[in-house]
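For reference, the structure discussed in these notes is given below.
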Amino acid sequence: MKRTLLALAALALILGVVALPQAALAQTTSPWQVSYFNNTNWSGAPVYTEYANAISYNWGSDMPPVPNMPSQNWSARLTTNSFFYAGSYTFQIVADDAFILYVDGVMYANTVGQNIPGKPVTISVPLVQGNHTIQIDYVQFTGPAYLYASWQYFKPAPGPAPLPIPPTPAPPPPPPSGTIFPPPSSGPNTQFGNYTNCAQQQIHQSNCFVSNGAWDAPNMGSIQMEPQIVVWQNCKADQTQRMQLFPNKDPQNAKCSKTEAGWFPS
């Protein structure tokens, strides 16, 4: 009963029922790779691997978490590589039985052997702007098995946080072959910046991207992974349609950039 109550309290914390200071902002992350091991020390090749958008697992009590796994004495390794703005991050994790948290290979928390299953753990981690690797090693012995994790971003203090400066992206691939439609004389302007320079110079949209700081805003990594915009005009992010992208070609499938600044082949 005690472990059940702890789990419910921890889940409320992770889901944000417990209020956080106003300076805290939630931030999205890249998908997690989740690898399962049929032992308690993450050794050997994983038995099963899957991907998840968030860490919110309740595997039940003394039940195999995935196919071909034992019901007791197993472990899992969850990893992601995501873009972070500069500032302090508060990680909130609750696990039964235990976990280890690594950030860029540095251990920040370890509850293995502490006999505190179901107890919420809060860890503060300062990060510089850029991509960082987050790894959570989870271990299950017997009884209930669950793992919940999230983090909150606290803007740098004192004073208002400066606007984030996007990192210098890798050189984008050249525009697709074929004649390009002439760019507009100015714009497009979207909630993620002014794209006049990118359109006029025919360079990748990531060079002009500026996040608006919203919790559901796209991050720099997702923009850099997009093909280069070939038709510059305002549109709805991730919208798809058939349209003429090149003057000398037939209409084709196109997708609107997450920057909302134009279209590229899909």
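Quick rundown of the values:
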| read-out | value |
| --- | --- |
| At 0.692 mPa s and 37 °C, Stokes diffusion of region 189-265 via Kirkwood alpha-carbon radius, µm² per second | 262 |
| Computed lengthening from Asp238 to Asn189, 0.36 nm per intervening residue step minus Cα-Cα distance | 16.0 nm |
| For Gln72, residues with placed amide H under 5 Å, excluding near neighbours | none |
| Distance in nm between pseudo-label sites at Ser266 and Gln201 (7 Å out along the Cβ direction from Cα) | 2.9 |
| 5 angstrom amide H check on Val112, placed H, neighbours 5+ away | Phe99 |
| Pairwise centroid distance, computed over Cα atoms, of region 24-83 with region 213-234, Å | 29 |
| Per-residue ³J(HN,Hα) for region 110-122, Karplus 6.51 cos²θ - 1.76 cosθ + 1.60, θ = phi - 60°, Hz, x for Gly and Pro | 8, 9, 5, x, 8, 6, 10, x, x, 8, x, 10, 10 |
| Projected label distance in nm at Ser124 and Val106, using a 7 Å step from Cα toward the beta-carbon | 1.5 |
| Cut-off 13 Å between beta-carbons: net charge of the residues surrounding Thr111, Lys and Arg +1, Asp and Glu -1 | -2 |
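Read-outs: derived from the displayed coordinates by stated rules, not from any lab. Treat the numbers as computed from the prediction; the structure is a model and nothing was measured. Note that each Cβ is placed from the backbone with ideal geometry, even for glycine, and that neighbours are counted across all protein chains shown.
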